[in-house]
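Undergrad: Below: one structure in structure tokens.
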Amino acid sequence: MPRPPGSTATETRGRILETASQLFRDNGFSGTSMRDLAESLGITTAALYYHFDGKDAILDGLVGPFLDSLQSIADTPLAAPPDPEAVLRQLAAVLIDHGAAMYAVMNDPSARAHIFQRRDFPEAMSRVERVLAGSDDPFDLLRARCALGVLQRGLVTRLKNHWPTPTAAGSTPPPLPHPLHGVKPTETELAVVVAFAVAGLRSRPTKTSQRDD
């Protein structure tokens, strides 16, 4: 497989994943073929199959790091729950490092079905909510979901705003933003997002508020 002088197989796989992210974003997972990807990379389809045995493997390569990191947080024992702010910072790091790749495919129904079926993403998210809530109390879980929503809006949606305009068919896709091209929040921005998430997580009903029985 042709690659730039001095590049490695790992770098080549990274270039494949980057280009796949762009094509999946613009054309959808189901609307992108291995041939499309090979042509965008300037290689043969056989060379592409040398690194990945199909689109499912490429999708796994894109979202695997996100799901593996999420699973690690989901496996935290509830018997000794960590500090909620520490969990939020872990989740923020996962979104910053891998959120863009996940976002590139989650709007495609076929890709989403693959992720849900093979990696049980909803179940992992439910367990993360329990870890963040520290209990199975419905109100605590509601606050955990709200805190996760703050992270998603503050970090992943920020990435969405940096996505270049989709290209016309047959043209070269524009560069993908972070994690491959460095669009990431500043320390101040991250601190603000986490602070708002923590505030929502630690909120309590006011005296005039009532919980439904």
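Undergrad: Take the residues of segment 124-149 that are out of contact with any helix residue (DSSP H, G or I) (no Cβ under 6 Å at 6 or more places or on another chain), open to solvent by 50 Å² or more (accessible area, probe 1.4 Å) and touching a residue at least 24 places away in the same chain (Cβ under 8 Å): which is nearest to Glu85 (Cα to Cα)?
TA: Arg130
Undergrad: Out of the residues in segment 93-122 that are among the charged types (D, E, K, R) and not in a helix (DSSP H, G or I), state the one that is surrounded by the most Cβ atoms within 10 Å (Cβ to Cβ). Walk me through it before giving the result.
TA: At the first step, the residues of segment 93-122 found to be among the charged types (D, E, K, R) are 97, 108, 112, 118-120.
Narrowing the set further to residues that are not in a helix (DSSP H, G or I) leaves 108, 120.
Details: Asp108: 20, Asp120: 14.
Top of the filtered list is Asp108.
Undergrad: Does at least one position in segment 68-81 carry a residue that is under 16 Å from Ser110 (Cβ atoms) and not acidic (Asp, Glu)? It would help to see each step written out before you state the result.
TA: Restricting attention to segment 68-81, the residues satisfying the condition of being under 16 Å from Ser110 (Cβ atoms) are none.
Scanning segment 68-81, I find no residue that is under 16 Å from Ser110 (Cβ atoms) and not acidic (Asp, Glu), so the answer is no.
Undergrad: Within segment 99-113, can you find the residues that are within 11 Å of Val63 (Cα to Cα) and at pLDDT below 85?
TA: Pass one, segment 99-113, residues within 11 Å of Val63 (Cα to Cα): 99-106, 111-112.
Across segment 99-113, the qualifying residues are Gly99, Ala100, Ala101, Met102, Tyr103, Ala104, Val105, Met106.
Undergrad: Quickly run through segment 82-92 and pick out the residues that are modelled with pLDDT of 80 or more and either among the β-branched types (Val, Ile, Thr) or part of a loop (DSSP other than H, G, I, E, B) (or both). First the steps, then the outcome.
TA: Step one: filter segment 82-92 for residues modelled with pLDDT of 80 or more, giving 83-92.
Answer for segment 82-92, where residues must be modelled with pLDDT of 80 or more and either among the β-branched types (Val, Ile, Thr) or part of a loop (DSSP other than H, G, I, E, B) (or both): Asp83, Val87.
Undergrad: Those residues that are more than 23 Å from Thr8 (Cβ to Cβ) and open to solvent by 20 Å² or more (accessible area, probe 1.4 Å), I need them from segment 56-78; list them, please.
TA: Within segment 56-78, Asp56, Ser69, Gln71, Ser72, Asp75, Thr76, Pro77, Leu78 meet the criteria.
Undergrad: Check off (1) of a type in the set (D, E, K, R); (2) within 15 Å of Pro84 (Cα to Cα); (3) modelled with pLDDT under 85 for Asp213 and give me the number that stays unchecked.
TA: Condition (2) is where Asp213 drops out.
Undergrad: How about segment 1-81: which helices (runs of 4 or more DSSP H) wholly inside it have at least 1 residues that are of a type in the set (S, T, N, Q) and closer than 25 Å to Arg119 by Cβ? Working first, answer last.
TA: Working: elements: 9-27, 34-41, 45-51, 55-74.
It comes to 9-27, 55-74.
The values are calculated or read from the model by the stated rules, or taken from the named source; none is laboratory data. Since the structure is predicted, the reported quantities are computational estimates derived from the model, not experimental observations. FYI the Cβ positions are ideal-geometry reconstructions off the backbone, even for glycines, and counts take in every protein chain you see. Areas reflect the complete protein model, heavy atoms only, side chains present, ligands, DNA and RNA absent. Shrake-Rupley method; radii C 1.70, N 1.55, O 1.52, S 1.80 Å.
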